[in-house]
Amino acid sequence: MRGPALNLAAFPEETAVAGALRDPGCAQPAKMFPTRLARLLLAVALTLPGALCGEGALGKSSMARCSLFGTDFINTFDESMYSFAGDCSYLLAGDCKTHAFSIVGDFQDGRRVGLSVYLGEFFDIHVFVNGTVLQGGQHVSMPYATRGLYLETEAGYHKLSSEAYGFVARIDGSGNFQILLSERHFNKTCGLCGDFNVFAEDDFRTQE
């Protein structure tokens, strides 16, 4: 199994959620609309045993959280809730000022199948729902550490974390994702998880 290719040029810094859909090789998502029901389902999901939890990470309690859960729901850093079903690789969150890192969700037939992290232009690691981990095209075992990035299993999910880059990314066997970003990324992000500026209304707005 090879990791999915990613065209970083498809994620220009001037867009937030819209920027995640710019890859010309990706079809538009089958569904992408806000829903009140999704908020209720998220509240229920987070109370279930084994659900991805939102405790502080990297020793900090003030990290922003984005969750992808259920069949196709996304709750952004700024608490926008919508439904998204894709069939490609989409930017979830990244530093869209310096492009130091990108966290990408890999979708197939509307399902979330993997989570990928790119550091700069020359490093990539891919964690799949089935537990497979690839780094630079090679299989790796957990725990694993490289370039300030740590991969481990914890409470039923795989966790990628980096204090140097200021993020935590989690994926479980059901395809639920969670991304935590430190405050240093405030108003610097783009992707399906939004722009992390406390204004939910502009998560879907193209920035000037």
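Couple of notes before you dig in:
- Glu79-Ser141 FRET efficiency (beta carbon distance; Förster radius 30 Å; 0.05 resolution): 0.25
- Estimated at 0.36 nm per residue, the fully extended path between Glu163 and Glu121 surpasses their Cα-Cα distance by 13.2 nm.
- Going from the residue with the fewest nearby Cβ atoms within 10 Å to the one with the most, Arg111, Arg65 rank Arg111, Arg65.
- Here the calculated FRET efficiency for His99 and Glu152, from their Cβ-Cβ distance with R0 = 25 Å, stands at 0.45, rounded to the nearest 0.05.
- Nearest-0.05 FRET efficiency for Asn130 and Arg184, computed from C-beta distance (R0 35 Å): 0.60
- Ordered by the count of other Cβ atoms within 10 Å of each Cβ, fewest first, Tyr165, Tyr150 give Tyr150, Tyr165.
- Peptides ranked, highest mean first, by Cβ atoms within 10 Å: ranges 189-197, 141-149, 69-77, 118-126: 189-197, 69-77, 118-126, 141-149
Every number here is computed from the coordinates shown, using simple stated rules; none is lab data. A quick note: this is a predicted structure, and the numbers were derived from the prediction, not measured. With ideal geometry, Cβ positions are generated from the backbone for all residues, glycine too; neighbour counts draw on all protein chains shown.
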